[in-house]
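K.L.:
First, the structure itself, so that you have it in front of you.
The values are calculated or read from the model by the stated rules, or taken from the named source; none is laboratory data. Small disclaimer: the values here were computed from a predicted structure and weren't measured. Quick reminder, even Gly has a Cβ in these numbers, built from the backbone with ideal geometry, and neighbours come from all protein chains shown. For the accessible areas, the whole protein counts, side chains as well, though only heavy atoms, and no ligand, DNA or RNA atoms are used. Shrake-Rupley method; radii C 1.70, N 1.55, O 1.52, S 1.80 Å.
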Amino acid sequence: MNQTAVNPATLYVVATPIGNLQDISQRALDVLAQVDLIACEDTRHTGRLLSHYSIKNKTISLHDHNERQRQDYFAQLLTEGKSIALVSDAGTPLISDPGFHIVRHLRGQNLNVVPVPGACAAIAALSVAGLPTDRFTFEGFLPSKSTARKSKLAELADETRTMVFYDAPRRAIDTVADIEEVLGGERQIVIARELTKTFETVHADSAKNMHAWLSEDPNQLKGEMVLIIEGVLQDPNAISSEAISTLKLLLGEMKPKKACAIAAEIHGVKKNALYQIALEIK
Ligand code: SAM
């Protein structure tokens with residue numbers, strides 16, 4: 001297979017494994033071997049990945065505390081025609097990891113920023129959770145304090161999309177207790193722990209049962225985890241307030257039967273359910 005050629009004047013945003021070191025693409029390895037510089041969240045951590053693949057290359061730190069200071073230096077290197085790879089400790093950079101400020105800065109200067117995709121814990125967890133994936137929301141880390149966590153969950157109480165969070169397993173019992181309290185014990189959740197590693201576990205259950213399961217097995221409170229919460233189930237007969245407003249407007253202009261048919265068409269709801277409401281309005 002031909003080695004990927006690295007373009008000059010380009011920042012490559014390179015995904016690295018989230019556990020199993022084999023989960024990295026050949027293209028990512030080629031890029032890491034050939035760029036002029038690798039910007040790492042932690043140079044020692046990335047050093048282990050590089051040495052596993054016998055890659056010897058220059059590294060520089062790029063983390064939350066120096067990202068803004070490094071912006072101009074990186075822009076200058078790219079302008080001089082140099083190529084840079086950006087990696088985080090695990091998974092896809094910028095996803096709850098450093099890199100956003102630098103990418104925005106470089107793109108703002110019309111410099112070339114190219115993704116080298118690969119592992120991401122949120123997407124890996126979602127791909128095996130068995131919860132709807134047609135629409136989902138990524139919420140990053142849940143707050144570590146219970147009061148803030150409960151208010152975050154309360155904000156999301158009516159969310160119909162699947163919700164994906166990062167959280168620490170050592171807090172899992174408390175987090176699940178908060179889910180039970182705020183969203184109800186019947187809400188379905190999935191815990192995906194230690195993905196791609198020796199103790200990989202993916203467990204799905206109601207919040208109530210998950211609480212009991214976690215309490216019985218202290219091993220489930222170790223390592224790293226993704227928490228997924230099922231969105232609130234939509235009642236197929238529920239009529240939105242927008243549909244009722246449309247119906248009211250139309251009822252002022254035409255007979256109920258026609259008003260219901262038009263409002264049903266606009267809002268994608270059942271005519272019969274609207275007819276009941278139309279009778280009440282009249
Ligand atoms: N950028 C990374 C990505 O693409 O997934 C995420 C970085 S964030 C700082 C680290 C969090 O990701 C962990 O606290 C955990 O919630 C999740 N995570 C990372 N690796 C994981 C794994 N192997 N199994 C489960 N969750 C993991």
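K.L.:
Between helix 256-267 and the chain, what is the angle of the helix's C-alpha long axis to the longest principal axis, kept within 0 to 90° and rounded to the nearest 10?
P.N.:
For helix 256-267, the angle is close to 10 degrees.
K.L.:
Roughly speaking, to the nearest percent, how much of segment 122-229's 1.4 Å accessible area is carbon and sulfur?
P.N.:
Numbers: 2590 of 5280 Å².
The value for segment 122-229 is 49 percent carbon and sulfur by accessible area.
K.L.:
With springs connecting C-alpha atoms under 10 Å apart, model the chain as a Gaussian network and identify which of Cys120, Cys40, Cys260 has the largest mean-square fluctuation.
P.N.:
The residue that fluctuates most here is Cys260.
K.L.:
What does the highest-first list of 141-148, 242-249 look like by mean Cβ count within 10 Å? It would help to have the intermediate numbers written out before the result.
P.N.:
Numbers: 141-148: 13.1, 242-249: 15.8.
Per-residue Cβ counts within 10 Å, averaged per peptide and sorted highest first, yield 242-249, 141-148.
K.L.:
Once the Cα gyration tensor of segment 68-149 is found, what semi-axes does its equivalent ellipsoid get, as square roots of 5 times the eigenvalues, in whole Å, sorted largest first?
P.N.:
Equivalent-ellipsoid dimensions as semi-axes: 31, 17, 11 Å.
K.L.:
Taking the Cα centre as origin and putting +1 on Lys and Arg beta-carbons and -1 on Asp and Glu beta-carbons, what dipole magnitude results for segment 241-281, to the nearest 20 debye?
P.N.:
Roughly 180 debye for segment 241-281.
K.L.:
While we're on this one: How long is segment 24-125 along each principal axis, judged by its Cα atoms, biggest number first, in Å?
P.N.:
Reported extents, whole Å, longest axis first: 32, 30, 23.
K.L.:
Quick one: accessible surface of Leu250, probe radius 1.4 Å, all protein chains present, in square angstrom to the nearest 10.
P.N.:
30
K.L.:
Now for a different question. What are the equivalent ellipsoid semi-axes of the chain, built from the alpha-carbon gyration tensor (square roots of five times its eigenvalues), in whole angstrom, biggest first?
P.N.:
46, 27, 16
K.L.:
Then there's this: Rounding to the nearest 10 and keeping the result within 0 to 90°, find how far the Cα-based axis of helix 241-251 lies from the longest principal axis of the chain.
P.N.:
Approximately 40 degrees, to the nearest ten.
K.L.:
With every protein chain kept in place and ligands, DNA and RNA left out, what is the accessible area per residue of the chain? Probe 1.4 Å, answer in Å².
P.N.:
54
K.L.:
Given q = 0.15, 0.18, 0.26, 0.30 Å⁻¹, what are the Debye log10 I(q)/I(0) values for segment 116-155, with equal point scatterers placed on the Cα positions and solvent ignored?
P.N.:
Values, matching the q order: -0.52, -0.69, -0.94, -1.00.
K.L.:
Continuing with the same structure: Once the Cβ-Cβ distance between His101 and Phe138 is put in as r, and R0 is 30 Å, what FRET efficiency do you end up with, to the nearest 0.05?
P.N.:
Calculated transfer efficiency: 0.95.
K.L.:
With a 1.4 Å probe and every protein chain kept in, tell me what percent of the accessible surface of segment 241-281 is carbon plus sulfur. Working shown, then result.
P.N.:
Working: 1570 of 2830 Å².
The value for segment 241-281 is 55 percent carbon and sulfur by accessible area.
K.L.:
Any chance you could give the angle, 0 to 90 degrees and rounded to 10, that helix 271-281 forms with the longest Cα principal axis of the chain?
P.N.:
Tilt relative to the chain: about 60 degrees.
K.L.:
Next up: Work the Kirkwood hydrodynamic radius out for segment 107-257: mean of 1/r over every pair of different alpha-carbon atoms, inverted, in Å.
P.N.:
Values: mean 1/r = 0.0567 Å⁻¹.
Computed over Cα pairs of segment 107-257, the Kirkwood hydrodynamic radius comes out at 17.6 Å.
K.L.:
Rounding to the nearest 20 debye, state how big the charge dipole of the chain is about its Cα centre with +1 on each Lys and Arg Cβ and -1 on each Asp and Glu Cβ.
P.N.:
In total the dipole reaches around 620 debye.
K.L.:
Starting from the Kirkwood radius over alpha-carbon pairs of segment 241-281, derive D by Stokes-Einstein at 25 °C in a medium of 0.890 mPa s and give it in µm² s⁻¹.
P.N.:
259
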